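Taken together, the values in this text are just the output of simple stated rules run on the coordinates, not laboratory data. Everything numeric in this text was worked out from a predicted model, so none of it was measured. Glycine gets a Cβ as well: all are built from the backbone with ideal geometry, and neighbour counts include every protein chain shown.
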Amino acid sequence: MLRLLLLIASLAPSLVQAADTGIPAVTLTTNPDGSADYSVTIQILALMTMLTFLPAVMMMMTSFARIIIVFAILRQALGLQQTPSNQIMVGLSLFLTLFIMSPVLDRVNETAVQPYLDEQVTSLEAVQAASIPFREFMLAQTRENDLNLFMDISRTPAVETPEDIPFTVLVPSFITSELKTAFQIGFMLFIPFLVIDLVVASVLMAMGMMMLSPVIISLPFKIMLFVLVDGWVMVVGTLASSFVV
């Protein structure tokens, strides 16, 4: 606490001097081609504002949604309520998302981030260049029926190429397709564990053990089956290969 007070006291004169001098609010530079670049202060403000949308972008424009939904359905199919924990599932989903999205992120770095850092393109051009790899990724995963649905709802006129589809239509179409694909994979995962539950319930009913919960008996068998077939490798491998990058 004492060190913090000493640090504030040492910074006080510089803060007062900065307040007296003043910081320019807006600096606008007009380029020869008619475009405009904003000051660093405004760019930082815009960047901090965009960071608030980063969680939504990560969930709605990447492979994260499909992965976390499949893991949640798998845990429910196994009959495990809190194992693996939510933190482990989210962490595994994040790293698997980074693995799947690495080609897209590499393209964004090459075509947008590095040219912007080298001052070869403006901030708006960098944003437009960064959107192209994400657009191609989402278009590869999105069903045509979902695109047509949202285009009809928004009354968007027909486009000549898929690249002309606006993001306001592409993003909800992509999420709808991801939800459908995730539930299809989850359904296929649920079937073998459901069969085990039915067999155990039938055996207990035949033995007259109606007061004993079938879940207690079937849970060890489902875990054993999942471990014997190397289930985590199969699920993670299937998820990784289900994306077209």
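A few points about this structure:
- Dipole magnitude for the stretch 135-242: computed about the Cα centre from +1 point charges on Lys and Arg Cβ and -1 point charges on Asp and Glu Cβ, it is near 480 debye.
- The stretch 43-130: translational diffusion in µm²/s, Stokes-Einstein, Kirkwood Rh over Cα pairs, 20 °C, 1.002 mPa s: 142 µm²/s
- Relative protection proxy for 171-177, 107-113, from highest mean packing down: 171-177, 107-113 (other beta-carbon atoms within 10 angstrom).
- Here the Karplus relation 6.51 cos²θ - 1.76 cosθ + 1.60, evaluated at θ = phi - 60°, turns the backbone of the stretch 167-177 into coupling constants of 5, 5, 9, 5, 5, x, 5, 5, 5, 4, 5 Hz, with x for every Gly and Pro.
- Rounded if a/c under 1.5, otherwise prolate or oblate - the stretch 106-245, Cα gyration tensor axes: prolate
- Amide H contacts under 5 Å for L80, placed H, 5+ residues apart: none
- Estimated vicinal HN-Hα couplings, Hz - the stretch 225-231 in sequence order (Karplus 6.51, -1.76, 1.60; Gly, Pro = x): 4, 5, 6, 5, 8, 6, x
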